[in-house]
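First comes the structure, then the notes that go with it.
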Amino acid sequence: MPDTLFVTGKLAAPALAATLEAMRPAFSYDIAVLPMTVAALMDTAWIARHLPDARGCAAVLLPGLCQGDTAALADKLGVPVGRGPADLKDLPVHFGGSRDLSGYGPYRTQILAEITEAHALPAEAVLARARYLRDSGADVIDLGGPPAGPFPGVGEMVAALRAEGFRVSIDSFDPPTILAADRAGVELVLSVNGVNLEVARELRATVVVIPDFGEGLESLERNAARLRQWGVAHVLDPILDPIGFGISESFWRLREARRRHPDSPMLVGLGNVTELTEADSPGVTAVLAGVLAELDIDYALTTEVAPWAQGAVRELDLARRIMHYAVSSRVPAWGIDDGLLVAKAAPHATYDDAELREIQSRLRDRNIRIFVGGGRITVLRRDLFAQGDDPAALYARLGVTDPGHAFYLGRELERAATALRLGKKYVQDAPLSFGYRSRPVPPRPEGTASRDQRQPAAGQTETNRSEQPVGTARTPRPENGEGND
């Protein structure tokens, strides 16, 4: 008879079967797919009503998030009942193996990384910034022009980027600028609508079509219909508005545009949310990337202007892979890659007091060991067991006089205090992990350090700019008007 009966719901059943098949476990098994879409919503009382027996198996394993009394269910079924991990992808780990993440890495959404105010920068600065963005994960370099009027030298700038192998797009509403960029070999033009739609008939490049200023989805449909009539290749951009200016309506537009045009390429600009929300960008980017993955969005435009959005391209590169894997594998977006946990941390084991006392009992030297867990820092040696959350108070109990040793312990205690404050894993003599920020960093070009004055101007959003007759500044501009990088 089979060793284990795995209980699951309809949604997770294919992933469970694939995971078990890839594991090639040493035990035999069967799978019971119960009439519940989401397995985590089951409880043991509900399972008892829908699972009449253990199907001849020696044990039953429930989903890890299943609530209820397993003992009562075990009495009914006549075999032991346990819970597996919260995420079925951790089944290999649950049974002593390693997590199966085969298939993780690919993505659908391509990143357009904008160099804002590119027209105000010298050519070498643009090239340096483009190299940094490419190393960060950008697929296309977007040249942001002035909000209105011409972009002098745009053809030469496009040609210089293409000579180094970059794919290039242009962010301008000015027809002469668009035509010059097109002649130089630009790939995408951001953007066209009723104001400048006619220029699209003269272009080789694909155009990004947006709603008319101050209008909604129906104007996007009208503009796209004209482009189809003319045979012009185009990408739909329903426009993502900032929080407070209609972000929830934006999500409806995105979903409705995808419903109406399931096979049309689409673009979403993220800057109105990442730049105009004063919050660390990794989490914001992660959620937006999840929306992109669910809607099969082909292009995402992002920027690194505001101080809190520095690194947004690297974050989006990581997030698009995580979310593509989560959506395509139908698993939650956790336990895949912890690179977006910058300020906080993934779950990790710590020592309890009994284990720490056991460690102390085995010490034979006077070296100091430092641990973090249970809401406090523990410092111990064979003749000392001190706990607290104030590194200075703990240091005062150590009686250290050697300057080198004092420096080392002061540094470690401050590191431990930081880990305690942020909930991070602390290992003595090892650096703390700050997610993708702890991984190799592409060198930023000189003169591009983020500064407070590079924040977007207050109130400058896609919404209020859309009343203007010209200008397609879909990403925030710096308050002082300087070139951004």
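The values are calculated or read from the model by the stated rules, or taken from the named source; none is laboratory data. Given the structure is predicted, the values throughout are model-derived calculations rather than measurements. In this analysis, Cβ positions are derived from the backbone assuming ideal geometry, glycine residues included, and neighbour counts consider all displayed protein chains.
Residues that are out of contact with any strand residue (DSSP E or B) (no Cβ under 8 Å at 6 or more places or on another chain) and surrounded by 15 or more Cβ atoms within 10 Å (Cβ to Cβ) within the range 385-403 comprise Y395, V400, listed in sequence order. Counting the residues of the range 402-426 that are farther than 25 Å from S361 by Cα and hydroxyl-bearing (S, T, Y) gives 1. Applying the condition of being under 31 Å from the mean Cα position of the chain (by Cα) and of a type in the set (A, V, I, L, M, F, W, C) to the range 344-376 and asking which residue is surrounded by the most Cβ atoms within 10 Å (Cβ to Cβ) yields V372.
Hey, any hits in the range 320-343 for a residue that's in a strand (DSSP E or B) and under 15 Å from the mean Cα position of the chain (by Cα)? No, there is no match, as no residue in the range 320-343 is in a strand (DSSP E or B) and under 15 Å from the mean Cα position of the chain (by Cα). In this structure, A257 qualifies as farther than 27 Å from V305 by Cα and buried (at least 18 other Cβ atoms within 10 Å of the Cβ).
Determine which member of the set D317, D337 is farther than 28 Å from L190 by Cα, of a type outside the set (F, W, Y) and either surrounded by 15 or more Cβ atoms within 10 Å (Cβ to Cβ) or in the same structural domain as F385 (by TED's automatic domain parsing) (or both).
Exactly one residue qualifies, and that residue is D337.
Taken over the range 174-228, the residue count meeting the criterion of being hydrophobic (A, V, I, L, M, F, W, C) and touching a His at 6+ places or on another chain (Cβ under 9 Å) is 7. For the range 116-138, the set of residues classified as outside any helix (DSSP H, G or I) and β-branched (V, I, T) consists of T116 only.
Quick one: count up the residues across the range 284-319 that are among the small types (G, A, S), outside any helix (DSSP H, G or I) and under 26 Å from S102 (Cβ atoms). Total satisfying the criteria: 1.
Determine if the range 252-270 includes at least one residue that is under 14 Å from the mean Cα position of the chain (by Cα), more than 28 Å from A39 (Cα to Cα) and in the same structural domain as G216 (by TED's automatic domain parsing).
Residues of the range 252-270 that are under 14 Å from the mean Cα position of the chain (by Cα), as a first pass: 270.
Remaining after also requiring more than 28 Å from A39 (Cα to Cα): 270.
Okay, now just the ones that are also in the same structural domain as G216 (by TED's automatic domain parsing), so 270.
Scanning the range 252-270 turns up at least one residue that is under 14 Å from the mean Cα position of the chain (by Cα), more than 28 Å from A39 (Cα to Cα) and in the same structural domain as G216 (by TED's automatic domain parsing).
Could you check, for the range 214-225, whether at least one of its residues is touching a helix residue (DSSP H, G or I) at 6+ places or on another chain (Cβ under 8 Å), not in a helix (DSSP H, G or I) and not charged (D, E, K, R)? Yes; the residues of the range 214-225 include at least one that is touching a helix residue (DSSP H, G or I) at 6+ places or on another chain (Cβ under 8 Å), not in a helix (DSSP H, G or I) and not charged (D, E, K, R). Residue count for the range 178-192, restricted to those that are surrounded by fewer than 24 Cβ atoms within 10 Å (Cβ to Cβ) and either touching a residue at least 40 places away in the same chain (Cβ under 8 Å) or not aliphatic (A, V, I, L, M) (or both): 4.
Just to verify a result, which residue in the range 273-283, among those that are of a type outside the set (A, V, I, L, M, F, W, C) and not in a loop (DSSP other than H, G, I, E, B), is nearest to L188 (Cα to Cα)? If we take residues in the range 273-283 being of a type outside the set (A, V, I, L, M, F, W, C) and not in a loop (DSSP other than H, G, I, E, B), then T274 is nearest to L188 (Cα to Cα). Looking only at the range 71-115, residues that are surrounded by fewer than 18 Cβ atoms within 10 Å (Cβ to Cβ), part of a helix (DSSP H, G or I), at pLDDT 90 or above and of a type outside the set (G, A, S) come to 2 in all. Taken as a whole, the structure places E198 among residues that are farther than 20 Å from D298 by Cβ and surrounded by fewer than 23 Cβ atoms within 10 Å (Cβ to Cβ). Within the range 398-418, the set of residues being part of a loop (DSSP other than H, G, I, E, B) and either modelled with pLDDT of 95 or more or not charged (D, E, K, R) (or both) comprises L398, G399, V400, T401.
What residue, among those in the range 99-157 that are of a type in the set (F, W, Y) and under 21 Å from R320 (Cβ atoms), is farthest from the chain's Cα centre (by Cα)? Going through the qualifying residues, I end up with Y132.
The set of residues in the range 274-306 that are farther than 18 Å from D337 by Cβ, surrounded by fewer than 23 Cβ atoms within 10 Å (Cβ to Cβ) and free of Cβ contacts under 8 Å to residues at least 60 places away in the same chain comprises T277, E278, A279, V291, E294, L295. Scanning the range 159-203 for residues that are in a loop (DSSP other than H, G, I, E, B) and among the polar types (S, T, N, Q) yields S172, N193, N196.
If you go through the range 321-330 and keep only what is of a type in the set (A, V, I, L, M) and either touching a Leu at 6+ places or on another chain (Cβ under 7 Å) or buried (at least 20 other Cβ atoms within 10 Å of the Cβ) (or both), you end up with I322, M323, A326.
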